[in-house]
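What follows is a short report on a single structure.
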Amino acid sequence: MEFLKSIFGDAALTYDQLAEKLKGSTDVKLANLASGQYVDKGKFDAAQTELTGLREQLKSANESIEGFKKLDAEGLRKAAQEWKDKHAADTAALQEKLKAQAKDSAVRLAVAKENVHDDALTMAALDLGKITVAEDGTVAGLADQLSALRETKPFLFKTGEKRQEYTPAAGGIGKDPKQMNYTELCAYLEANPGAQI
(Lines give C-alpha, C1' and ligand atoms only; values in the text may rest on other atoms or scores of the structure.)
Protein backbone atom coordinates (compact mmCIF):
# COMPACT_ATOMS: atom_id res chain seq x y z
CA MET A 1 0.00 0.00 0.00
CA GLU A 2 2.87 2.37 0.77
CA PHE A 3 4.25 1.82 -2.70
CA LEU A 4 0.89 2.72 -4.27
CA LYS A 5 0.59 5.76 -2.01
CA SER A 6 4.00 6.97 -3.17
CA ILE A 7 2.80 6.74 -6.78
CA PHE A 8 -0.76 8.07 -6.48
CA GLY A 9 -0.39 10.49 -3.58
CA ASP A 10 -3.86 11.86 -2.90
CA ALA A 11 -4.90 12.29 -6.52
CA ALA A 12 -6.30 10.20 -9.34
CA LEU A 13 -3.90 9.75 -12.24
CA THR A 14 -4.44 9.45 -15.97
CA TYR A 15 -2.75 6.59 -17.79
CA ASP A 16 -0.04 8.91 -19.14
CA GLN A 17 0.67 10.29 -15.66
CA LEU A 18 0.87 6.77 -14.24
CA ALA A 19 3.20 5.65 -17.04
CA GLU A 20 5.46 8.66 -16.36
CA LYS A 21 5.60 7.93 -12.61
CA LEU A 22 6.41 4.25 -13.22
CA LYS A 23 9.15 5.00 -15.75
CA GLY A 24 12.37 3.39 -14.50
CA SER A 25 10.57 1.53 -11.66
CA THR A 26 11.99 -1.89 -10.80
CA ASP A 27 8.92 -2.88 -8.74
CA VAL A 28 6.15 -2.35 -11.31
CA LYS A 29 6.29 -2.47 -15.09
CA LEU A 30 3.59 -1.56 -17.57
CA ALA A 31 3.33 -3.92 -20.51
CA ASN A 32 1.40 -3.66 -23.75
CA LEU A 33 0.00 -7.17 -24.03
CA ALA A 34 -0.87 -6.57 -27.68
CA SER A 35 2.83 -6.63 -28.51
CA GLY A 36 3.17 -10.28 -27.48
CA GLN A 37 5.10 -9.81 -24.23
CA TYR A 38 2.65 -12.14 -22.51
CA VAL A 39 2.15 -15.80 -23.37
CA ASP A 40 -0.97 -17.41 -21.99
CA LYS A 41 -0.53 -20.43 -19.73
CA GLY A 42 -2.10 -22.88 -22.16
CA LYS A 43 0.35 -22.01 -24.94
CA PHE A 44 3.30 -22.09 -22.54
CA ASP A 45 2.28 -25.50 -21.15
CA ALA A 46 1.82 -26.87 -24.69
CA ALA A 47 5.28 -25.64 -25.70
CA GLN A 48 6.81 -27.18 -22.55
CA THR A 49 5.09 -30.52 -23.20
CA GLU A 50 6.23 -30.54 -26.81
CA LEU A 51 9.79 -29.64 -25.81
CA THR A 52 9.90 -32.43 -23.20
CA GLY A 53 8.57 -34.94 -25.73
CA LEU A 54 11.09 -33.90 -28.37
CA ARG A 55 13.96 -34.15 -25.88
CA GLU A 56 12.89 -37.67 -24.97
CA GLN A 57 12.72 -38.62 -28.65
CA LEU A 58 16.18 -37.15 -29.29
CA LYS A 59 17.67 -39.03 -26.34
CA SER A 60 16.10 -42.29 -27.55
CA ALA A 61 17.33 -41.64 -31.11
CA ASN A 62 20.90 -41.08 -29.90
CA GLU A 63 20.80 -44.32 -27.91
CA SER A 64 19.51 -46.16 -30.99
CA ILE A 65 22.26 -44.71 -33.17
CA GLU A 66 24.87 -46.03 -30.75
CA GLY A 67 23.21 -49.45 -30.94
CA PHE A 68 23.17 -49.30 -34.78
CA LYS A 69 26.97 -49.10 -34.87
CA LYS A 70 27.15 -52.65 -33.51
CA LEU A 71 24.70 -54.27 -36.00
CA ASP A 72 25.16 -55.97 -39.39
CA ALA A 73 23.16 -54.98 -42.53
CA GLU A 74 20.11 -57.16 -41.77
CA GLY A 75 20.19 -56.07 -38.14
CA LEU A 76 20.31 -52.44 -39.29
CA ARG A 77 17.25 -52.89 -41.51
CA LYS A 78 15.31 -54.51 -38.68
CA ALA A 79 16.41 -51.89 -36.15
CA ALA A 80 15.59 -49.08 -38.59
CA GLN A 81 12.04 -50.41 -39.03
CA GLU A 82 11.65 -50.79 -35.25
CA TRP A 83 12.87 -47.22 -34.79
CA LYS A 84 10.49 -45.95 -37.47
CA ASP A 85 7.56 -47.69 -35.76
CA LYS A 86 8.63 -46.41 -32.33
CA HIS A 87 9.00 -42.86 -33.66
CA ALA A 88 5.51 -42.98 -35.20
CA ALA A 89 4.02 -44.26 -31.93
CA ASP A 90 5.87 -41.64 -29.84
CA THR A 91 4.79 -38.84 -32.18
CA ALA A 92 1.16 -39.99 -32.06
CA ALA A 93 1.27 -40.17 -28.25
CA LEU A 94 2.77 -36.68 -28.05
CA GLN A 95 0.10 -35.28 -30.37
CA GLU A 96 -2.63 -36.85 -28.23
CA LYS A 97 -1.07 -35.39 -25.09
CA LEU A 98 -0.93 -31.93 -26.70
CA LYS A 99 -4.58 -32.20 -27.83
CA ALA A 100 -5.67 -33.26 -24.34
CA GLN A 101 -3.72 -30.41 -22.77
CA ALA A 102 -5.18 -27.86 -25.22
CA LYS A 103 -8.69 -29.19 -24.53
CA ASP A 104 -8.16 -29.00 -20.76
CA SER A 105 -6.88 -25.41 -21.00
CA ALA A 106 -9.79 -24.31 -23.22
CA VAL A 107 -12.38 -25.91 -20.92
CA ARG A 108 -10.75 -24.44 -17.79
CA LEU A 109 -10.76 -20.97 -19.39
CA ALA A 110 -14.42 -21.32 -20.36
CA VAL A 111 -15.34 -22.55 -16.85
CA ALA A 112 -13.45 -19.64 -15.25
CA LYS A 113 -15.67 -17.22 -17.20
CA GLU A 114 -18.82 -18.77 -15.72
CA ASN A 115 -18.57 -17.07 -12.30
CA VAL A 116 -17.95 -20.30 -10.37
CA HIS A 117 -16.74 -20.54 -6.79
CA ASP A 118 -14.13 -23.20 -7.47
CA ASP A 119 -12.81 -24.08 -10.94
CA ALA A 120 -11.44 -27.47 -9.82
CA LEU A 121 -14.75 -28.60 -8.27
CA THR A 122 -16.66 -27.51 -11.35
CA MET A 123 -14.19 -29.28 -13.67
CA ALA A 124 -14.53 -32.47 -11.60
CA ALA A 125 -18.32 -32.36 -12.04
CA LEU A 126 -18.06 -32.20 -15.85
CA ASP A 127 -17.99 -35.14 -18.27
CA LEU A 128 -14.99 -34.10 -20.38
CA GLY A 129 -15.66 -36.93 -22.83
CA LYS A 130 -18.78 -35.08 -24.02
CA ILE A 131 -16.91 -31.81 -24.58
CA THR A 132 -15.06 -30.99 -27.79
CA VAL A 133 -12.76 -28.11 -28.66
CA ALA A 134 -12.48 -26.93 -32.27
CA GLU A 135 -9.23 -25.76 -33.88
CA ASP A 136 -10.28 -22.12 -33.30
CA GLY A 137 -10.74 -22.79 -29.56
CA THR A 138 -14.54 -22.96 -29.63
CA VAL A 139 -15.81 -25.24 -26.86
CA ALA A 140 -18.86 -27.40 -27.66
CA GLY A 141 -20.88 -29.46 -25.20
CA LEU A 142 -19.96 -27.37 -22.16
CA ALA A 143 -22.97 -25.03 -22.06
CA ASP A 144 -25.46 -27.91 -21.63
CA GLN A 145 -23.44 -29.43 -18.80
CA LEU A 146 -23.10 -26.07 -17.05
CA SER A 147 -26.85 -25.48 -17.33
CA ALA A 148 -27.48 -28.89 -15.76
CA LEU A 149 -24.97 -28.14 -13.00
CA ARG A 150 -26.70 -24.82 -12.24
CA GLU A 151 -29.85 -26.87 -11.56
CA THR A 152 -28.33 -29.84 -9.72
CA LYS A 153 -25.38 -28.19 -7.98
CA PRO A 154 -26.13 -24.47 -7.66
CA PHE A 155 -23.57 -24.13 -4.86
CA LEU A 156 -20.82 -24.22 -7.50
CA PHE A 157 -21.91 -20.85 -8.91
CA LYS A 158 -21.76 -17.36 -7.47
CA THR A 159 -25.15 -15.66 -7.44
CA GLY A 160 -26.57 -12.43 -6.16
CA GLU A 161 -23.23 -10.82 -5.37
CA LYS A 162 -23.39 -7.07 -5.72
CA ARG A 163 -20.60 -4.56 -5.45
CA GLN A 164 -21.30 -1.94 -2.81
CA GLU A 165 -20.76 1.69 -3.72
CA TYR A 166 -18.57 3.75 -1.42
CA THR A 167 -20.06 6.85 0.14
CA PRO A 168 -17.56 9.01 2.06
CA ALA A 169 -18.20 9.43 5.78
CA ALA A 170 -18.87 13.16 5.29
CA GLY A 171 -21.67 12.25 2.90
CA GLY A 172 -21.67 12.59 -0.84
CA ILE A 173 -22.35 10.60 -3.94
CA GLY A 174 -20.96 7.08 -4.40
CA LYS A 175 -17.91 6.93 -6.61
CA ASP A 176 -16.54 4.18 -8.84
CA PRO A 177 -13.54 2.64 -7.00
CA LYS A 178 -11.48 2.88 -10.19
CA GLN A 179 -11.82 6.68 -10.05
CA MET A 180 -10.81 7.03 -6.37
CA ASN A 181 -7.54 8.41 -5.11
CA TYR A 182 -5.41 6.39 -2.68
CA THR A 183 -7.07 7.70 0.51
CA GLU A 184 -10.59 7.11 -0.80
CA LEU A 185 -9.67 3.64 -2.03
CA CYS A 186 -8.23 2.62 1.37
CA ALA A 187 -11.39 3.85 3.13
CA TYR A 188 -13.57 2.04 0.60
CA LEU A 189 -11.71 -1.27 1.09
CA GLU A 190 -11.92 -0.97 4.89
CA ALA A 191 -15.68 -0.31 4.67
CA ASN A 192 -16.21 -3.12 2.13
CA PRO A 193 -13.74 -5.95 2.92
CA GLY A 194 -15.16 -8.35 0.31
CA ALA A 195 -15.38 -5.77 -2.47
CA GLN A 196 -13.84 -6.45 -5.85
CA ILE A 197 -12.24 -3.67 -7.80
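Using Cβ point charges alone (K and R +1, D and E -1), the dipole size of the range 43-130 about the Cα centre works out to roughly 240 debye.
A cut-off under 12 angstrom between Cβ atoms defines the neighbours of Ala92, and their net charge, with Lys, Arg +1 and Asp, Glu -1, is 0. In this model, which of Lys158/Lys178; Lys43/Lys130; Lys41/Lys99; Lys99/Lys153; Lys41/Lys130 are farther than 18 Å apart at the alpha-carbon? Pairs exceeding the cut-off: Lys158/Lys178; Lys43/Lys130; Lys99/Lys153; Lys41/Lys130.
Ordered from highest to lowest accessible area with the whole protein assembly present and a 1.4 Å probe, Phe68, Phe155 read as Phe155, Phe68. Residue ranking by accessible heavy-atom surface, 1.4 Å probe, largest first, among Thr49, Thr26, Thr132 comes out as Thr26, Thr132, Thr49. Of the residues Asp104, Asp144, ranked by 1.4 Å probe accessible area with the largest first, the sequence reads Asp144, Asp104. If the segment from Thr14 to Phe155 were pulled out straight at 0.36 nm per residue, it would be longer than the present Cα-Cα gap by 46.7 nm.
The values are calculated or read from the model by the stated rules, or taken from the named source; none is laboratory data. Bear in mind the structure is a predicted one, so any value in this text is a computation, not a measurement. Don't worry about glycine lacking a Cβ; one is built from the backbone with ideal geometry, like all the others, and counts go over all protein chains shown. Note: areas computed on protein heavy atoms with side chains; ligands, DNA, RNA excluded. Shrake-Rupley method; radii C 1.70, N 1.55, O 1.52, S 1.80 Å.
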